[in-house]
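Just so you know, all these numbers are worked out from the coordinates, no wet-lab data involved. Just so it is clear, the structure is predicted and the values come from calculations on it, not from any experiment. Every residue, glycine as well, gets a Cβ built from its backbone with ideal geometry; the counts of neighbours run over all protein chains shown.
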2 protein chains.
Amino acid sequence: MGEELSFVMENTSMEEEVEERDPERNPMNEPLLKRNRTLSSNPLALVGAKVSYIESLDYEINENDLFKQDWRSRSRGQVMQYIILKWLLAFLVGLLTGVIATLINLAVENISGYKLLTVVGYIQQERYLMGFLYFLGTNFLLTFIASILCVCFAPTAAGPGIPEIKAYLNGVDTPNMYGATVLFVKIIGSIGAVSAGLDLGKEGPLVHIGSCIASLLGQGGPDNHRIKWKWVRYFNNDRDRRDLITCGASSGVCAAFRAPVGGVLFSLEEVASWWRSALLWRTFCSTAVVVVVLRAFIELCHEGKCGLFGEGGLIMFDVSNVAVSYNVMDIVPVAIIGIIGGVLGSLYNYLLHKILRVYNLINQKGKIYKLLLSLSVSIFTSACQYGLPFLVKCTPCDDLSMCPTNGKSGNYKQFNCPNGHYNDLATLLLTTNDDAVRNIFSTNTPHEYQPFSILIFFTLYCILGLITFGIAVPSGLFLPIILIGSGYGRLLGIIMRPYTNIDHGLLAVLGAASLMAGSMRMTVSLCVIFLELTNNLLLLPITMIVLLIAKTVGDSFNPSVYEMILHLKGLPFMDADPEPWMRNLSVGELIDVKSSVVSFRGIEKVSNIVDALKNTTHNGFPVMDDGDEVEIVKLHGVILRAHLIKVLKKKWFLKEKRRTEEWEVREKFSWVELAEREENIEDVIGVTKEEMEMFVDLHPLTNTTPFTVLESMSVAKARILFRQVGLRHMLVVPKYQASGVSPVIGILTRQDLLAYNILPVFPHLENSKGREKSN
Amino acid sequence: MGEELSFVMENTSMEEEVEERDPERNPMNEPLLKRNRTLSSNPLALVGAKVSYIESLDYEINENDLFKQDWRSRSRGQVMQYIILKWLLAFLVGLLTGVIATLINLAVENISGYKLLTVVGYIQQERYLMGFLYFLGTNFLLTFIASILCVCFAPTAAGPGIPEIKAYLNGVDTPNMYGATVLFVKIIGSIGAVSAGLDLGKEGPLVHIGSCIASLLGQGGPDNHRIKWKWVRYFNNDRDRRDLITCGASSGVCAAFRAPVGGVLFSLEEVASWWRSALLWRTFCSTAVVVVVLRAFIELCHEGKCGLFGEGGLIMFDVSNVAVSYNVMDIVPVAIIGIIGGVLGSLYNYLLHKILRVYNLINQKGKIYKLLLSLSVSIFTSACQYGLPFLVKCTPCDDLSMCPTNGKSGNYKQFNCPNGHYNDLATLLLTTNDDAVRNIFSTNTPHEYQPFSILIFFTLYCILGLITFGIAVPSGLFLPIILIGSGYGRLLGIIMRPYTNIDHGLLAVLGAASLMAGSMRMTVSLCVIFLELTNNLLLLPITMIVLLIAKTVGDSFNPSVYEMILHLKGLPFMDADPEPWMRNLSVGELIDVKSSVVSFRGIEKVSNIVDALKNTTHNGFPVMDDGDEVEIVKLHGVILRAHLIKVLKKKWFLKEKRRTEEWEVREKFSWVELAEREENIEDVIGVTKEEMEMFVDLHPLTNTTPFTVLESMSVAKARILFRQVGLRHMLVVPKYQASGVSPVIGILTRQDLLAYNILPVFPHLENSKGREKSN
């Protein structure tokens, strides 16, 4: 109990050289897919492609003597400085995220722009094979760069990173997620993967990039080159970093869609587990900065200094120019879109789950397999994008002034067609993903696309959306789902043409929204993101209805795609709502099946501490004091493993058994130092035999205000407390009073309160009741 | 301790006839303004205009045997029925709020429309005095109707109602807030007050109306005519009603501004204290329904069946037709708007506070004083609105086809001017408030208004905004602040004309936004509301910056206007963040200064229960059991006063001291019944002498899973637990183990954890540290 290992940290120092070479070291060598969990199991999760130990975070304020002294001794000026720094950091997070998003956009637009120009050039000369080889080769190379970086330097940079951030904000730290290397690989990898025309977006990676920036700023720089300035160190604790990462995630979404309010709401609805209105406000500040940066950059690019970067700025799918007209009766087609979208979304989740399981098995085999997988997907994608447009017939242009468009972005690509004709499928496939969405969202174009082309487009992106996500490159889920959804919306528009007057471009938007809601299960934030993306407020009511219906339908089949990934990775995410059967189980029953607590006296022998640290994996230890009378034991509080290690490392030992004075502690330790989480027991070298017989006064370092529950408390309520307050350890106290009994009968941690850890131990609970949740 | 009176309830039955005549009965007869609070004081607050007892709500799930049985016995079908009903109620809340909002809009537009038409008719005939008398008389009559209804039938319907709803969702019930009478008075009163041209809006009242509808639906109808259907009773508990009222409040905001996302966010940021993502979703459903209702109604009115209701539909201040152009350098004027707006907003709060204190003293004197106050304000408003336009010069029209506009809404009122001229001040004053805002927000009109007219407009609405809010009619704060702010924005525009090209209509919008943020201190929700109101997404970035700056400036002076009103009313609202000095105080110290706990044995004598209920005002009592050994006492849980009264009322007594069986309890009580809060000790009549000697088995009715804290817990952390989990009682347990000691040493309630109750008892804490909050 109290068991959360700091194995990962230990490895960091023990195997530092190993890590340099293989950041995906795997101390377990067991696939996570076949796990058998119980209460006493250690927390493991898939980090990158391999299984590692993970650790919980200390979001609770550790109210020990040092904290109180520190707090009392802070002057008004220092408090102001802290507040100003806090805002400055939020500002910097927004600024840097905005700048990096700008650079990524610039790079992607230019690389893929020049690539497509060359390919179009070959096609116009009818050198089709050469064009294909060039297209394939460039995409292969770009994918190779993205993938080799991910595989060799930062396996955690693969994928979107959003599930891990969600877990972090819930209180679970995944190792190697927010380092400088990850940031670098994510930026370059994202540019490579998106430019390579793979079916993935840059939104997920931007969220991760924003969080990395936030985390690096909070700790004052990369791990090896930190700023030692005292005031930055004040932010180097789990609580402040949590706030910063929330800001970073919002800024990322904002930068991806230029949706400042949508970014804040995305963090609020999907990513963050705790939320205060002060944080809402600070996050809002970050996204405002991002928007200003993007705006400044668009102004700059209007002057044509940005190469091939388009004119449209960053609002990707502007449909504001269309006069939306719909009436109350259009609610029927809108409902149909929502229902089918919900079904498709949950089907997508289901299939993606199956494919990710297979991919995990492939990826675990080694680096070369990961690389080969990525490259095969790239070859397949290139072949389809280049080859399929040859299957469709050319369409004659209506308006020769705007059609065909050659050498620039826009609808109506000529491809292999004679002059005055265009190839509608090439318009959708042989372009960047952003342009593809822009083209399919384009309004007043009901006859631009042939049904057959839309069908091919939809089918192709269904396949690509499923097989691309799990490969070892940075990838976002938004864009693939938007692509599938817009194809589905257009298809439905063609079928429903006799019955409704809604524009086909709008139906594509609604189809995309319904599939997003059906897969990701967000409502308010998606609604606002779509609002800000499409720049058309009149769409709001029908978008809302589509989202609500699609989410309702999707929820009746399976959980959201992020929950599914969290579960697949084994991250111990704690939901807000407990399972109903948890009301029938008391924490006392949980404690009974765990091993007993290891506790310390207020003034403890060094040897006992060293033994406990070496022989247990607990992270929190109750500290007891003898009362004035015999037989009476008083609970003083909980001491953390990290603090005990600090004591041993600094050799803060006493020759005799006595309480220390305030100044003695303050000489050796500061609160800021204690809040940092960097020590491990292996760092403690050479405690001599004499020192082993000495004593340590644990009182000043003990958190005197731990949260407690009675043994009769139901697991459901204990979980609510744990989750709402953001705990790491929860003490269980007896419900009776008697002499000679310990005032603490157990410690509960996150692992003990998770349904999939409890159920194997109490199998009768699962059958007792269905899964009605009290929302 | 555990002390929260149900006095209000007692009075309900004892003085039922009295209440019929005076819904503002005042058992205390002491002004709340001079209060001297300590920990043992009873919770009092200003309800309507007088001081009443208030009560806390039970948001915690009462996990007693009955609850568990009830939960276990629910079939899958019943669970489905509950979920469907929950959604149906959310749907109905949206539907009814939408319909009522529609009716209010229709009534207001028609009443004030015909009133203004007649007045304009008199003016065109140059019968100025007659016009004035008609204007004054109509406004007087309308104010009289609104005010007399409020004063005589529902004093709680006066004002916006938002602070009380905020308190309800925080866990404090204000009596007589959500009844059918209040709903009726609020609707009619709001129509009257708004039509009377008073400087107040219908948004606050609509929020209250939405909440009333929600509450009435949840309890199955008005107090005296409830539906007895079993399934509706499942919603008649504090938790489900909390969710419904959240939906209602969102629907109200949505209906007021046709801002569905803004409505949800307003509830989230400003009104609600607890929030789950499931609720976010349900609230979103309610607002979607409201929008559909409003849309259907606008379609209907397009056919001209709605009398004078304007064409613009309900988006009040549409500025979407303007091409917004601004560049990065415009950040300077925008920052200036924000800074001055923040200062003005906090100044407004400060002055409003002073005036409300004076008004409270006047209102407490009696009904006739309240009525006179309202009527004086009405006369003053009418006189200014009619008289001031005579002071300004007439302006010649630029475009004779659109100017002057007579007989319809729009800019350029002729008033007393010759043909081909218009009176710009009459355009702003002699119109409905909605039209005034529309006119002052109108874009591309930099020279329409003379600086002198804007100055008069601004000054007048500053005065009216301060003196109108506290009178006894339903009144919202949004519109007055928007009016002041838009005047200020235009004024600033005139001053800054040489330096910026931002349109003056947009500056009016930004001015309104800055003053709102400076006074109400919301950011994200205001931003979205303004977005949805003005229908122009390009305004988003500058609106965000204005809001952030104005809020920051405002926060450095005083708290938000709602917090200020909450404090003035004495509602024990509990903030999310504890005060810093609370870390230096333990709950044990709080317990020491309170009287001791009254507890029961598991099987208790009837006479003891009756004594405790009569002689204490506690609402929760710990239930203890003797253990197997002597001297060991076990804590069984907490029993609520309401449940004890139910036991006495049903005379569920035992002749001998024994534990009861499950079926015995279920025969007498159901969980649904226990969740309802309607009993009081005076209802218990005639417990005979023999019955007094009998026993009650309290076990099955006791909440066996109360939340507990150790006596050494700091008040700051205890408060976080209390607030985050939503408690009413928190047990304090000793930190040591010893025989013969009670396992519970005290009970803490909301009153014990509020700063202004603690500080008088521990005066040294206040001086120890400034008010740094850890946000």
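Values computed for the structure shown
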item	result
Hits among lysines - C-alpha to C-alpha of residue A:86 under 25 Å, sequence gap 8 or more where chains match	A:68, A:166, A:228, A:230, B:551, B:717, B:769, B:773
Förster radius 30 Å - calculated FRET efficiency between residue A:130 and residue A:368 (Cβ-Cβ, nearest 0.05)	0.50
Cβ-defined net charge surrounding residue B:592, 15 Å radius [Lys, Arg +1; Asp, Glu -1]	-1
Rounded Å value of the spacing that divides the Cα centres of the stretch B:416-456 and the stretch B:164-243	37
Kyte-Doolittle mean at least 0.5 and Cα axial length at least 20 Å: DSSP H helices in chain B	B:76-124, B:128-152, B:180-195, B:203-218, B:277-302, B:331-364, B:367-387, B:451-468, B:478-496, B:504-520, B:540-555
Around residue B:327: net Lys/Arg minus Asp/Glu count, Cβ-Cβ under 12 Å	-1
Nearest-first distances (nm) between copies at residue B:444, label 7 Å from Cα via Cβ	1.9
Selection from A:234, A:244, A:259, by position along the positive dipole direction of the stretch A:208-260 (Cβ)	A:234
Proxy reagent accessibility, fewest Cβ within 10 Å first, across B:463, B:484	B:463, B:484
Signed unit charges on C-beta, dipole axis of the protein assembly as shown, positive-most listed residue A:686, B:538, B:482	B:538
Euclidean distance of C-alpha centroids, the stretch B:76-119 and the stretch A:360-403, integer Å	52
Gyration tensor verdict on chain B (Cα atoms; rounded if a/c is under 1.5, prolate if a/b is larger than b/c, oblate otherwise)	prolate
Relative contact order %, chain A, counting alpha carbon pairs below 8 Å whose residues are six or more apart	19
FRET efficiency, 1/(1 + (r/R0)^6) with R0 60 Å, evaluated for residue A:576 and residue B:496 via beta carbons	0.80
Difference of contour (0.36 nm per residue) and Cα-Cα distance, residue B:393 to residue B:596	65.6 nm
Theoretical ellipticity at 222 nm over chain B - DSSP helices of four or more residues, -39500 (n - 2.57) apiece, nearest 500	-17000 deg cm²/dmol
Other-chain or far-sequence residues with amide H under 5 Å of residue B:56's (modelled H)	B:173
Cut-off 14 Å between beta-carbons: net charge of the residues surrounding residue A:261, Lys and Arg +1, Asp and Glu -1	-3
Those lysines that a straight Cα-Cα span of less than 23 Å connects to residue B:413, excepting residues fewer than 8 apart in one chain	B:115, B:393
Given charges at beta-carbon only (K, R positive; D, E negative), |dipole| of the protein assembly as shown in Debye	1080
Size of electric dipole in the stretch B:580-768: Cβ of Lys, Arg +1 and of Asp, Glu -1, about Cα centre, debye, nearest 20	520
Cα centroid separation, the stretch B:661-716 to the stretch B:533-585 (Å)	40
Positive dipole terminus of the protein assembly as shown, leading residue within A:360, A:106, B:392 (C-beta point charges)	B:392
Other copies of residue A:103: label-to-label distances in nm, shortest first, labels 7 Å along the beta-carbon direction	6.2
Calculated FRET efficiency for the pair residue A:73/residue A:278, C-beta based, R₀ 25 Å, to 0.05	0.55
Full-stretch length increase - residue A:690, residue A:764 - with 0.36 nm per residue and alpha-carbon distance subtracted	21.3 nm
